[in-house]
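Peer 1: My structure is below; once you've seen it, I'll send some questions.
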Amino acid sequence: MDRKQAAKTYLEETNKLRSKLSGLDVKSIEEKASGEVLKWRRNFDTSSSIQLERVFNEIEQRKQTEVIALANELR
């Protein structure tokens with residue numbers, strides 16, 4: 001294998017690893033945000049109040065929007 005081919009192979013492998021790392025970062029952010037929403041829901045009893053349910057739904061939507069924006073930035 002000559003130097004040019006070795007450098008090309010190295011760059012290809014590096015790019016594959018970067019792509020995998022980016023995917024893992026996105027997945028980690030999505031899981032963390034989802035976990036936060038679930039934690040909020042467990043900490044508060046929303047079944048007794050429709051208004052609280054609406055507030056949590058709004059928070060969840062905002063967090064999902066933030067996660068999508070962060071995921072797009074990482075990609």
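Peer 1: Has the stretch 46-66 got any residue that is among the aromatic types (Phe, Trp, Tyr), modelled with pLDDT of 80 or more and either exposed (fewer than 12 other Cβ atoms within 10 Å of the Cβ) or outside any helix (DSSP H, G or I) (or both)?
Peer 2: No, there is no match, as no residue in the stretch 46-66 is among the aromatic types (Phe, Trp, Tyr), modelled with pLDDT of 80 or more and either exposed (fewer than 12 other Cβ atoms within 10 Å of the Cβ) or outside any helix (DSSP H, G or I) (or both).
Peer 1: Does ARG75 qualify as being surrounded by fewer than 14 Cβ atoms within 10 Å (Cβ to Cβ), closer than 22 Å to SER19 by Cα and at pLDDT below 80?
Peer 2: Here the answer is yes, as ARG75 does meet what is asked.
Peer 1: May I pose another question? Scan the stretch 1-39 for residues that are assigned to a helix (DSSP H, G or I), among the aliphatic types (A, V, I, L, M) and over 30 Å from ILE59 (Cα atoms) and jot them down.
Peer 2: ALA6, ALA7, LEU11, LEU17
Peer 1: Same structure again: Within the set of pairs 6+ apart or on separate chains, which have a first residue in the stretch 12-23 that is farther than 15 Å from LEU74 by Cα, a second that is surrounded by 10 or more Cβ atoms within 10 Å (Cβ to Cβ) and β-branched (Val, Ile, Thr), and C-beta atoms under 8 Å apart?
Peer 2: none
The values are calculated or read from the model by the stated rules, or taken from the named source; none is laboratory data. Note that the coordinates shown come from a computational prediction; the quantities given were computed from them, not determined experimentally. In this analysis, Cβ positions are derived from the backbone assuming ideal geometry, glycine residues included, and neighbour counts consider all displayed protein chains.
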